[in-house]
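These notes concern the structure reproduced below.
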Amino acid sequence: MIHSKSEAAFAEAKNYIPGGVNSPVRSFRSVGGVPPIVASGKGSKIYDIDGNEYIDYVLSYGPLLMGHVPDCVTEAIKAAAEKGTSYGAPTLAETELAKLVCRLVPSMDMVRMVNSGTEATMSALRLARAYTGRDCIVKFVGCYHGHHDSLLVKAGSGATTLGVPDSPGVPKAVAETTITIPFNDIPALEKVFAERGNEIAAVITEPTPGNMGLVLPNEGFLEALRAITKKYGALLICDEVMSGFRSAQGGSQSLYDIDPDITCLGKVIGGGLPVAAYGGRKEIMQVVAPAGPMYQAGTLSGNPLAMAAGIAALTYMEENKVCEKIESMTAILTGGLERAAAAAGVPVQIHRLGSMFTVFFSDKPVTDFDSACACDLEAFKIYFHSMLEQGIYLPPSQFETNFVSLAHSPEDIQKTIDCAAKAFAEVAAARK
C-alpha cells in the first residue's frame with residue numbers, strides 16, 4: 001500500500017495538534033509507523049486519503065454497531081439538523097432516548113445525558129461521594145474510566161496501595177482518594193474494605209474490561225464485588241461505556257446478573273455521535289441538580305443531533321436483534337483466528353464477548369493487567385502491521401479491543417482470517 005499522502009498529512013498535523021492526534025492511541029505510538037488518515041467510511045470499510053481500503057475492526061472504538069453511515073442514523077441526523085443543531089433548552093428527544101435507555105438497562109431508573117464517557121464516569125463518582133458522604137473510591141488496575149484526575153492513577157507493587165498520579169498534572173491529594181487493586185482479586189478487595197470500608201464511597205469497574213484488551217471476570221468475582229459493596233454501604237458503579245450493547249443488548253451486567261447502583265454508558269447510545277450517560281436508582285439520581293444538591297451540567301448535553309442518532313441506533317438495534325447477529329459473526333471470526341494461530345504455531349489467547357474480541361500474544365491465561373502486560377508486544381506489532389498492509393484495520397495497541405459490526409459480510413470475515421494466517425506466519429518466522 002502507498003501511504004505518502006497520510007505521511008505528509010500526519011507530519012503537518014503534528015505542527016498544530018499535540019502528537020498529531022486528538023486522542024493518544026490514534027498516533028500509533030505503541031506499534032510504530034504513521035496512521036492512515038481516514039477520508040471516509042461506508043459499511044464495514046474505511047478509506048484513507050491515499051485511496052487504500054480497510055476492513056474496519058476499530059469502528060470508532062465500539063459505537064458503530066451497524067457499521068459506517070447506516071441509513072437509519074444518517075437520515076435521523078439530517079432530519080434533526082434541518083430543525084436546529086443546538087438549543088440549550090429541553091427537547092422531547094432527550095426524554096425519548098432516556099426512556100429507551102432505562103428500558104434496555106433495567107438497573108437505570110433515571111438517566112442524565114452527557115457528552116463523553118469521561119464526563120459520565122466523573123459525574124458518577126461525584127454522585128457516589130455526594131450520596132454516601134464518603135471520599136474514597138476503588139478502581140481496578142488496567143480499567144480505564146476516562147482521563148479525569150480521580151482515575152488517572154495506577155497501583156504500586158503491592159496488592160493494594162494508595163493511588164499515585166499516573167499523569168503529570170494530577171494532584172497527589174486527589175490521587176490519594178483512589179485505591180487501586182488488581183482485577184479478579186477477591187482477597188485484595190476484601191482486605192481493602194476490611195481496612196477502609198467506612199471511607200469508600202464506591203467501587204468503579206468495567207464488568208468486562210476492554211481497556212487492557214478484553215479481559216473477562218473470573219467465576220464469582222462480580223458477585224463477590226456486589227456483595228462486598230452492599231455489606232459496607234458503598235455503591236457499585238458499572239462502567240459500560242464500552243461493553244454496553246456490545247457484550248449483550250443489556251450490557252455485561254445482564255450477562256452476569258449483577259445489579260449496579262450506577263451505570264455509565266456511551267459509545268452505542270450516540271449512534272456514532274458524542275453521547276454518554278450515567279444513571280441508576282431513582283433515590284440516588286435525585287441527588288443530581290436541579291433535583292438535588294450535587295451539581296453537574298453541560299451546555300451541549302442532550303444535543304438534538306446526538307439524541308436523534310442515539311434513538312435511531314438503539315431502536316434499530318432492538319428491532320432487528322443486531323446484538324445476536326453480530327455475536328454469531330464474531331464467534332465465526334475468532335474461531336478462524338484461533339485455527340490460523342494454531343496452524344502457524346503461535347500461542348495466543350483469544351477472548352470474545354458479544355461482538356468484542358482481543359487476540360493476546362501469550363501462552364498463559366490473561367486475567368488482569370499484569371498478565372496482559374506480559375504478552376509479547378513485539379509479536380503484536382508484527383501482526384498489526386501485517387494486517388494493516390493487507391487491508392485490515394485493527395486497534396493499534398495490544399491493550400485495546402476489536403469490534404465487529406452488522407455490516408461485516410461473510411467475505412469480510414473470511415478475508416480477515418486469511419490475512420491473519422499470513423500475519424501469524426510472519427510472527428512465527430520472526431521468532432526463529
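The values are calculated or read from the model by the stated rules, or taken from the named source; none is laboratory data. All of these numbers come straight from a predicted model, not from anything done at the bench. Cβ placement follows ideal geometry from the backbone for every residue including glycine, while neighbour counts extend to all protein chains displayed. In case anyone asks, the SASA skips ligands and DNA or RNA and just uses the protein heavy atoms, side chains included. Shrake-Rupley method; radii C 1.70, N 1.55, O 1.52, S 1.80 Å.
Considered as a group, the residues in the stretch 93-123 that are without any contact (Cβ under 8 Å) to a residue 12 or more places away in the chain and charged (D, E, K, R) include one that is nearest to Y256 (Cα to Cα), and that residue is R103. Restricting R246, R281 to those that are within 20 Å of E324 (Cα to Cα) and not aliphatic (A, V, I, L, M) reduces the list to R246. Outside any helix (DSSP H, G or I) and touching a helix residue (DSSP H, G or I) at 6+ places or on another chain (Cβ under 8 Å): does that describe G310? In short, no. Candidates in the stretch 151-192 are the residues that are of a type in the set (A, V, I, L, M) and modelled with pLDDT of 95 or more; of these, the one that is most open to solvent (accessible area, probe 1.4 Å) is I186. Of all residues in the stretch 6-33, those satisfying the criterion of being at positive phi and not in a helix (DSSP H, G or I) are F28, G32, G33. Count of the stretch 215-260 residues, restricted to those that are part of a loop (DSSP other than H, G, I, E, B), touching a residue at least 60 places away in the same chain (Cβ under 8 Å) and either among the hydroxyl-bearing types (S, T, Y) or within 19 Å of V275 (Cα to Cα) (or both), is 9.
Give the residues of the stretch 193-250 that are among the small types (G, A, S), in contact with a Gly (Cβ under 6 Å, 6 or more places away or on another chain) and surrounded by fewer than 20 Cβ atoms within 10 Å (Cβ to Cβ), sorted by residue number. The answer is none; no residue qualifies. Checked against (1) under 24 Å from L214 (Cβ atoms); (2) surrounded by 19 or more Cβ atoms within 10 Å (Cβ to Cβ), A98 meets all criteria but (1).
Within the stretch 335-375, the residues that satisfy the criterion of being of a type outside the set (G, A, S), in a loop (DSSP other than H, G, I, E, B) and within 16 Å of E400 (Cβ to Cβ) are V348, F361, V366, C375. Within the stretch 3-48, the residues that satisfy the criterion of being modelled with pLDDT under 95 and in contact with a Gly (Cβ under 8 Å, 6 or more places away or on another chain) are S27, R29. Here F380 clears all of (1) touching a residue at least 60 places away in the same chain (Cβ under 8 Å); (2) outside any helix (DSSP H, G or I) except the condition numbered (2). Does E378 qualify as being surrounded by fewer than 23 Cβ atoms within 10 Å (Cβ to Cβ), at pLDDT below 95 and either closer than 29 Å to I37 by Cβ or in contact with a helix residue (DSSP H, G or I) (Cβ under 9 Å, 6 or more places away or on another chain) (or both)? Against the criterion (surrounded by fewer than 23 Cβ atoms within 10 Å (Cβ to Cβ), at pLDDT below 95 and either closer than 29 Å to I37 by Cβ or in contact with a helix residue (DSSP H, G or I) (Cβ under 9 Å, 6 or more places away or on another chain) (or both)), E378 does not qualify. The residues listed here are G32, G19; of these, the one that is touching a residue at least 60 places away in the same chain (Cβ under 8 Å), over 19 Å from the mean Cα position of the chain (by Cα) and surrounded by fewer than 19 Cβ atoms within 10 Å (Cβ to Cβ) is G32. Checking each residue in the stretch 107-150 for being among the aliphatic types (A, V, I, L, M), open to solvent by 10 Å² or more (accessible area, probe 1.4 Å) and assigned to a helix (DSSP H, G or I) picks out M122, A130. Among the residues making up the stretch 270-285, those that are closer than 15 Å to M110 by Cα and of a type outside the set (S, T, Y) are A276, A277, G279, G280, R281, K282, E283, I284, M285. Do we have P395 as surrounded by fewer than 15 Cβ atoms within 10 Å (Cβ to Cβ) and either at negative phi or not basic (K, R) (or both) here? Answer is no for this residue. If I filter the stretch 390-408 for residues that are part of a helix (DSSP H, G or I) and under 18 Å from L214 (Cβ atoms), do I get at least one hit? No, the stretch 390-408 contains no residue that is part of a helix (DSSP H, G or I) and under 18 Å from L214 (Cβ atoms). A count restricted to the stretch 49-65 and to residues that are surrounded by fewer than 19 Cβ atoms within 10 Å (Cβ to Cβ) and either modelled with pLDDT under 95 or in a strand (DSSP E or B) (or both) stands at 1. Restricted to the stretch 346-366, and to residues there that are under 20 Å from the mean Cα position of the chain (by Cα) and more than 11 Å from G213 (Cβ to Cβ), the residue that is most open to solvent (accessible area, probe 1.4 Å) is R352. Among the residues of the stretch 66-83, the ones that are among the charged types (D, E, K, R) and either farther than 11 Å from A312 by Cα or part of a loop (DSSP other than H, G, I, E, B) (or both) come to 3 in all. Can you find even one residue in the stretch 251-270 that is under 23 Å from the mean Cα position of the chain (by Cα), of a type in the set (D, E) and within 21 Å of P70 (Cα to Cα)? No, every residue in the stretch 251-270 fails to be under 23 Å from the mean Cα position of the chain (by Cα), of a type in the set (D, E) and within 21 Å of P70 (Cα to Cα).
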